[in-house]
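Have a look at the structure below, then the notes.
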Amino acid sequence: AGVLAPLMADREWIVRAAAKHALASMGPSVAGLMHTMLADPDRFARDGASEVLHELGMTGAATF
């Protein structure tokens, strides 16, 4: 997950989408990393982290 997460800020949308899909497939174990990425300076990385958390059913602050 630590290798894939930075790819959510890649210039190419297809790379970002693939990273997001792969991270979501890893399940709840990536929630902590995705929560950290919500503060990333890159808008695409933040949005991707939010989408992964949503796919995992972890959208509320209480779930972190």
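Below, the figures for the structure above:
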| item | result |
| --- | --- |
| Trypsin sites (Lys or Arg not before Pro) within the chain, DSSP loop, no more than 11 other Cβ atoms inside 10 Å | R11 |
| Degrees between helix 13-25 axis and first principal axis of the chain (Cα, 0 to 90, nearest 10) | 30 |
| Å² of accessible area per residue within the chain, as computed with a 1.4 Å probe and no ligands counted | 61 |
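The values are calculated or read from the model by the stated rules, or taken from the named source; none is laboratory data. Remember, predicted model here, so these are calculated numbers, not experimental data. Glycine gets a Cβ as well: all are built from the backbone with ideal geometry, and neighbour counts include every protein chain shown. Note: areas computed on protein heavy atoms with side chains; ligands, DNA, RNA excluded. Shrake-Rupley method; radii C 1.70, N 1.55, O 1.52, S 1.80 Å.
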